[in-house]
């Protein structure tokens, strides 16, 4: 009888200890989350940047922007491959909306979401605090004829690029390019001065053991095989063991349109048209 009571008392003590530990872990987890700059489960995210105007946050944000964002948005956030960020708030944008863009990315553009395991909420708020301190560049006067630019696009670019469901698929879909890339970035890409190639469109050259030479863009690759879309827009898969050569090329399949192929005036019209492409869902014309 005494032994049974002892066992029951011991079991009760263990259960009580577990209960106390469980209750204690909750506040600890909350403290850890706050220390790491993350919102705790169930806690609403701020709609306004809690670090705006904080000198230390702005300094930290400047360093993070240079490391993570400047390659696309330019060293001063005035745009390069990605859009100018400095006029976002003046155009009616909110802290919450910009946070969502950074955290989740923008579908159909090169802007991918920030991994919560690597980029904390606090990191995003600090980066936004820095961007808010930058002066917006006055919008340049729009030039060029968009209607003629569309005709130029259809005649020179439409075989490889799709817009609103119409066109080729060898190159990236450009239905949202006007909201995802500034004029300067588009100009450098058309003229051939930009060597940036979007993931999923890396140019490759394959040579089979039979001597056939195939060019295309790489879609997927593992240790044993590679899948490409060839220049005829056919999806093809190859075992690497069956290839004599497999080369990832540095030169894009997109040709450079220098002044001898596209005049400055026609280029201006083309850029004006591309700037209008902001994800319209209208039916293909």
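Every number in this text was worked out from the coordinates using simple rules, so none of it is lab data. Fair warning: this is a prediction, and the values are worked out from it, not measured in the lab. Reconstructed Cβ throughout: ideal geometry from the backbone, glycine too, with neighbour counts over all protein chains shown.
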What's the extension gain from residue 56 to residue 261 if we count 0.36 nm per residue and subtract their Cα-Cα distance? 68.7 nm
Could you tell me the ratio Rg/Rh of segment 174-273? Both radii from Cα atoms, Rh via Kirkwood. 1.07
Quick check: residue separation of residue 63 and residue 166 times 0.36 nm, minus the Cα distance between them. What number comes out in nm? 32.9 nm
Only residues of segment 73-88 count here: report those whose backbone N is under 15 Å from the spot 7 Å along Cα→Cβ of residue 188, or say none. 73-85
How long, wide and thick is segment 55-131, going by the Cα atoms along their three principal axes, in whole angstroms, largest first? 32, 26, 24
Could you list 125, 89 so that the one with the fewest beta carbons within 10 Å of its beta carbon is first and the one with the most is last? 89, 125
Residue exposure sequence - 134, 239, 51 - by fewest surrounding Cβ within 10 Å: 239, 134, 51
Where does each of 118-124, 222-228 land if you order them by average Cβ count within 10 Å, highest first? 118-124, 222-228
By average C-beta atoms within 10 angstrom, highest first, the peptides 171-177, 66-72, 156-162: 171-177, 156-162, 66-72
Which FRET efficiency value, to the nearest 0.05, do you get for residue 151 and residue 230 by plugging their Cβ-Cβ distance into 1/(1 + (r/R0)^6) with R0 = 25 Å? 0.35
How high is the FRET efficiency between residue 90 and residue 117 when r is their beta carbon distance and R₀ equals 30 Å, given to the nearest 0.05? 0.35
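Per residue, how big is the convex hull of segment 202-248 when only Cα atoms are used? Give it in Å³.
Cα-based convex hull of segment 202-248, divided per residue, equals 62 Å³.
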